[in-house]
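Worksheet for the structure shown next.
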Amino acid sequence: MTHPTRRRGPRRRVLTTTVGLAALLVAAGCSTEQEGSSSSSGSSAAEDCINADEAQAEYTASWTSVKEAFGLTDFEPVDETVCQVDGEQWKAEPKQGDSYRIAFAAQGPTNSWGVLSDEALKYHAKELGVDVLYAAANGDATTQVDNIQQLTSQDPDAMVVVPMGDGISGQVKAAVDQDIPVVLCSGLLPDSSGAVSTVTRQYDLLGSAYAEWIAEKLGGKGKVAILSGLAGVPTAEYQKAAAEKTFAKYPDIKIVTTQYTQWSPTVAKTVAQNLIASYPDLDAIWSDSGYGALGVVQAYQEAGKAVPPITGDSINEFIQATEGTDVQYALSTFPPEMSSTCLDTALDLLKGEPVLDKVYVDSPSFTDADGAQYARDDCDGGLLVPSSAPEDLLVDLKMCKAS
């Protein structure tokens, strides 16, 4: 079957506006003035930029909702330019047969987040009649380099990538140069990757919101430990950088240690046991994940110590472990089921429809004052709650019991 000729390269039509980054709702950004942030498109910020007026209001509303949920007083959005990608350049019929073939370079099932990310995309692909070419990096960027090369060699119609590190940028660019539109999912890469769109949460918002909550909780003074996820992975590094930038505004807050937990409760528990021994007067713990936060709670509870105020994403077991205690926390979710939105974005490109170059997913934020309402006794402890994944999928994966 023949298909329309694609125009090479990520050239775009866009309207321009500068908006407050309040992320977590659908919006887009073609360039940014944020330190350390990446754009998902290979075009320069100076290109004709197309305005997303509705996104501006959504950004602001999302930022405000997180500020209110965490009870923050000093929390302002970062400015970013918002763009829309012209999908017409990627419009094409399926290369083989009647169904699109979408390559999926995944993190892999290294934890419950990875399992649900994988299965949510496959579930949605089945709903849409789309074939998936799957490769798991199992959390390793070097493995993912090979995965992307192998997937590219199969000439898929489009590719979805959960980036394990900046080191895959060259392979992503090579795929785009072969007229395979690439959508980044749950992570960022540098502009040089040439990826067409990014679907994720907004790292600056989350990393800085967690840090601001701690700073205000401590009255701007105290000893803090930073527990990040997996070294080198964008999801970990961008949030950590945003937190460090926020803490730098408070000269009386001292970061006593920065460590990685590999998003594993077991590793985090060992790290926390060392924290208890080395920093018995620790005032708070900034964590980017509920897996890390859970390990911390287990270590402190077993040592008979009070758990310092802590942050992270909202896994079910963490909320259950702290229910009925005086543990203070601020949580949000990093929904693995956003992978279905990543698939939708790739298919929109193949249909020639306009997409945003950054799609931010909505996600609730809350503190210990409201956390108990999100706990699910009928579901696995590793489930991020609340979950928007199809209930029958959660049951099939044995993450939840059938009602």
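The values are calculated or read from the model by the stated rules, or taken from the named source; none is laboratory data. All figures in this text were calculated on a predicted structure; none of them were measured in a lab. Every residue, glycine among them, receives a Cβ derived from its backbone with ideal geometry; neighbour counts consider all protein chains shown.
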**Request:** Under 7 Å between Cβ atoms, at least 6 apart or on separate chains: pull out the pairs that start in the range 261-276 with a residue that is in a helix (DSSP H, G or I) and end on any residue that is of a type in the set (Phe, Trp, Tyr) and at pLDDT 95 or above.
**Result:** Ala272/Tyr300; Ile276/Tyr300
**Prompt:** Here are Glu237, Glu244: which of them is without any contact (Cβ under 8 Å) to a residue 12 or more places away in the chain, acidic (Asp, Glu), crowded, with 17+ Cβ neighbours inside 10 Å and farther than 25 Å from Gly371 by Cα?
**Reply:** Glu237
**Message:** Need pairs with beta-carbon distance below 8 Å; first residue of a type in the set (Gly, Ala, Ser) and within the range 348-361, second part of a loop (DSSP other than H, G, I, E, B); sequence gap 6+ or separate chains.
**Reply:** Gly352/Lys91
**Fill in**
Flagged in the range 298-312 as touching a Pro at 6+ places or on another chain (Cβ under 9 Å) and buried (at least 22 other Cβ atoms within 10 Å of the Cβ), in numbering order, are Tyr300
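Matching residues to (1) within 17 Å of the chain's Cα centre (by Cα); (2) among the charged types (D, E, K, R):
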{"site": "Pro335", "(1), (2)": "yes, no"}
{"site": "Cys342", "(1), (2)": "yes, no"}
{"site": "Leu350", "(1), (2)": "no, no"}
{"site": "Asp357", "(1), (2)": "yes, yes"}
{"site": "Val361", "(1), (2)": "yes, no"}
{"site": "Pro364", "(1), (2)": "yes, no"}
{"site": "Asp370", "(1), (2)": "no, yes"}
{"site": "Tyr374", "(1), (2)": "no, no"}
**Prompt:** Among the residues of the range 79-110, which ones are modelled with pLDDT of 95 or more, out of contact with any Gly (no Cβ under 6 Å at 6 or more places or on another chain) and crowded, with 24+ Cβ neighbours inside 10 Å?
**Reply:** Trp90, Tyr100, Ile102, Ala103, Phe104, Ala105, Ala106
**Fill in**
Sole miss for Trp113 among (1) assigned to a loop (DSSP other than H, G, I, E, B); (2) at pLDDT 75 or above is condition (1)
**Asked** Out of the residues in the range 144-162 that are surrounded by 24 or more Cβ atoms within 10 Å (Cβ to Cβ) and farther than 12 Å from Val182 by Cβ, which is farthest from the chain's Cα centre (by Cα)?
**Response** Asn147
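For the condition touching a Gly at 6+ places or on another chain (Cβ under 6 Å) and of a type in the set (A, V, I, L, M), what is the one hit in Ile276, Ile285, Ile319?
Values: Ile276 fails: touching a Gly at 6+ places or on another chain (Cβ under 6 Å); Ile285 fails: touching a Gly at 6+ places or on another chain (Cβ under 6 Å).
After applying the criteria, what remains is Ile319.
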**Asked** Among the listed residues Leu294, Leu230, Leu282, which satisfies the condition of being closer than 30 Å to Asp378 by Cβ, in contact with a helix residue (DSSP H, G or I) (Cβ under 7 Å, 6 or more places away or on another chain) and assigned to a loop (DSSP other than H, G, I, E, B)?
**Response** Leu230
